[in-house]
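Remarks on the structure that follows.
The values are calculated or read from the model by the stated rules, or taken from the named source; none is laboratory data. None of these values were measured; they are calculated from a predicted model. Positions of Cβ are backbone-derived with ideal geometry, glycine not excepted, and every protein chain shown enters the neighbour counts. What goes into the accessible areas is simple: the full protein's heavy atoms, side chains included, and nothing from ligands, DNA or RNA. Shrake-Rupley method; radii C 1.70, N 1.55, O 1.52, S 1.80 Å.
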Amino acid sequence: MKKSVVILGAGESGLGSAILAQKQGFAVFVSDLGKIKEKYKNVLLQHHIEFEEGQHSEEKILKSETVIKSPGIPDTALLIQKLHKNGIPVISEIEFAGRYTNAKTICITGSNGKTTTTLLTYHILKNAGLNVGLAGNVGKSFAGQVANEQHDIYVIELSSFQLDGMYDFKADVAVLLNITPDHLDRYGYHMQNYVDSKFRIIQNQTKNDFFICCSDDEIIQKELEKREIKAACIPFGLKDPVEPGAGISDEKLIINFNQKQFSMSILDLSLQGKHNTYNSMAAGIASMVFEIRNEQLRESLAGFQGVEHRLERFLRVHGIEFVNDSKATNVNSTWYALESMHKPVVWIAGGIDKGNDYSMLKSLVKEKVKAIVCLGKDNSKLHAAFDTVAKNVVDASSMEEAVKAAYYLVRNGDTVLLLPACASFDLFENYEDRGNQFKEQVRNL
């Protein structure tokens, strides 16, 4: 008799998991509490995979041998609690897919910069001619690629939610960029719970693996003192580089690894700004693990085009620059974005607050921001934080309203910056939908 697997959530990761599970001989059932997108539904039908939408049939789900859960479903959900109580393993797509591939993995996490670093690392390896896949929070589903494609290396962006569902999976190269307060609503408002989640990136690593981490991040450094790290630890930071490790000296980015040295001017990096220097160092070290030649690395770091919805300088209208940073969903990424602005800013902020502490932004807002447009169903925390700091703080209930309000408040030479500092799910499907709606409304001006 076939082993049974239930997949909760029929998005990109759920669909990939269903196809891989079917290929591995499981009896597969996909259950989504919401409506399944037509493109995903059609694939399930083509593969004759049983599914339901708009409900979870608990009786059927609680009889399964394994459950693969969408990272968007919290562990506190009643159904997940029942599964745990019944001793049924609940795992992530990454954990499941990792069981069926021998490919090398570069796994990247952190509160900020994950997507940029993941795409940059993929760009470097791809340009060097390696057979590499892009997975996790970006690209196609890891499980789907394991089912249908054969890559030698996968570059995988991992959120804390994905890491929470990983147990036996091992990263050959683990990258931890930074840890700042984020998603605390999912972690009982205890920072240590979130920190522990991020450090799952190194679980199961051996002395033959690599752990790349930021030496300037105080939380990471404190945790390293408490933990036994089995992998080779390679730090990066803005001070002089160590051996092995990466750093800055005389305006040059320098990476020392395996008795080789790479260097290039920070002015030649395609991604500018302090936060992007960190991202470039992390991606550079990860690439050198795979013996990328210096010339190839230099060319890729200089030629990378950046990431959509991440400080994306989108359009200039009547002397006003519109910048889309929809991916900035926490306070730390918001700080970096505001810090990089050199012209007066009308800031579009808001969404679902994740337990944010806005106090660290106040002096920067006073210095850089002339007006705030609050875009969300509940803007009370933004008003409490900034009503006495910014000259104008107004509300908007749709992206069209927000862009028009910003355009009214802005002057020639200013910048309109979509910089939510919050999750998108109150008014939008996800941060991409939010960013795309912003760009559409800017085009309509």
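May I ask for the net charge around ASN256, where only other residues with Cβ less than 11 Å from the Cβ of ASN256 are counted and Lys, Arg are +1 while Asp, Glu are -1?
Once positives and negatives cancel, what remains is -1.
With θ taken as phi - 60° and the coefficients 6.51, -1.76 and 1.60, list the Karplus ³J(HN,Hα) couplings across the range 142-148 in order, rounded to whole Hz; mark glycine and proline as x.
So the Karplus estimates, Gly and Pro as x, are 4, 4, x, 6, 4, 6, 10 Hz.
Using the charge dipole of the chain (Lys, Arg: +1 at Cβ; Asp, Glu: -1 at Cβ; taken about the Cα centre), state which of PHE169, ILE348, ASN204 has its Cα farthest towards the positive end.
Going by the Cα projections, it comes out as PHE169.
About its Cα centre, how strong a charge dipole does the range 1-159 have in debye, to the nearest 20, once Lys and Arg get +1 and Asp and Glu get -1 at the Cβ?
Taking the Cα centre of the range 1-159 as origin, the dipole is about 140 debye.
When the accessible area of the range 123-219 is split by element with a 1.4 Å probe, what percent falls to carbon and sulfur?
48
Please report, in debye to the nearest 20, how large the charge dipole of the range 308-413 is about its Cα centre when each Lys and Arg carries +1 at its beta carbon and each Asp and Glu carries -1 there.
300
Could you tally the net charge around LYS368, taking each other residue with its Cβ under 12 Å from the Cβ of LYS368, Lys/Arg +1 and Asp/Glu -1?
Summing Lys/Arg as +1 and Asp/Glu as -1 gives +1.
What is the set of long-range amide H partners of VAL393 at a cut-off below 5 Å, with H atoms built 1.01 Å from backbone N?
Close amide H contacts, sequence-distant or interchain: ILE372.
Mind pulling up the Rg/Rh value for the chain? Radius of gyration and Kirkwood radius, both on Cα.
Reported Rg/Rh (Cα atoms, Kirkwood Rh): 0.97.
Estimate the FRET efficiency between LYS404 and ARG313 by the formula 1/(1 + (r/R0)^6), using the beta-carbon distance for r and 35 Å for R0, to the nearest 0.05.
Here the calculated transfer efficiency is 0.95.
Quote the charge dipole size of the chain about the Cα centre in Debye, to the nearest 20; the model charges only the Cβ of Lys and Arg (+1) and of Asp and Glu (-1).
Its charge dipole is roughly 160 debye.
Restricting to DSSP H runs of at least four residues, report the calculated mean residue ellipticity at 222 nm for the chain, -39500 (n - 2.57) per run over all residues, nearest 500 deg cm²/dmol.
-10000 deg cm²/dmol
Using per-residue counts of other Cβ atoms within 10 Å, averaged over each peptide, order 262-271, 420-429, 170-179, 277-286 from highest down.
Peptide ranking by packing, descending: 277-286, 170-179, 420-429, 262-271.
For the charge dipole of the range 287-421, defined by +1 on Lys and Arg C-beta atoms and -1 on Asp and Glu C-beta atoms about the Cα centroid, which residue among GLN305, ALA390, LEU417 has the Cα displaced farthest towards the positive pole?
Of the listed residues, the answer is ALA390.
Taking R0 as 51 Å, what's the FRET efficiency between LYS252 and LEU33 from their Cβ-Cβ distance, rounded to 0.05?
FRET efficiency, LYS252 to LEU33: 0.45.
Near the amide H of VAL175, under 5 Å away, which other amide H atoms are found, from residues 5 or more places off or on another chain, if H is placed in the peptide plane?
CYS107, ILE108, THR109, ILE212
Whole angstrom only: what separates the Cα centroid of the range 68-117 from the Cα centroid of the range 217-274?
Comparing the Cα centres of the range 68-117 and the range 217-274, I get a distance of 29 Å.
Ignoring ligands, DNA and RNA, what percent of the 1.4 Å accessible area of the range 254-300 is carbon and sulfur?
41
So, for the chain, what is the accessible surface per residue at a probe of 1.4 Å, expressed in square angstrom?
Result: 44 Å² of accessible area for each residue.
Going down the list LYS230/LYS327; LYS35/LYS126; LYS41/LYS85; LYS198/LYS260; LYS114/LYS222, which pairs span over 28 Å between their C-alpha atoms?
Where the Cα-Cα span goes over 28 Å, the pairs concerned are LYS230/LYS327; LYS35/LYS126; LYS41/LYS85; LYS198/LYS260.
Once the Cβ-Cβ distance between PHE425 and THR388 is put in as r, and R0 is 25 Å, what FRET efficiency do you end up with, to the nearest 0.05?
Plugging the Cβ-Cβ distance into 1/(1 + (r/R0)^6) gives 0.30.
Report, in whole Å, the centroid distance computed from the Cα atoms of the range 340-415 and the range 1-37.
The two parts, judged by their Cα centres, are 41 Å apart.
Determine the sum of side-chain charges near MET281: Lys and Arg each +1, Asp and Glu each -1, restricted to other residues whose C-beta is under 12 angstrom from that of MET281.
+2
Using a cut-off of 19 Å between alpha-carbon atoms, which lysines can reach LYS82, once sequence neighbours fewer than 8 places away in the same chain are excluded?
LYS60, LYS63, LYS69
Just order 155-167, 302-314, 20-32 by mean Cβ neighbour count inside 10 Å, highest at the front, would you?
In descending order of packing, they fall as 155-167, 20-32, 302-314.
Once the dipole of the chain is set up with Lys and Arg at +1 and Asp and Glu at -1 on Cβ about the Cα centre, which of PRO181, ALA283, SER249 lies farthest towards its positive end?
Result: ALA283.
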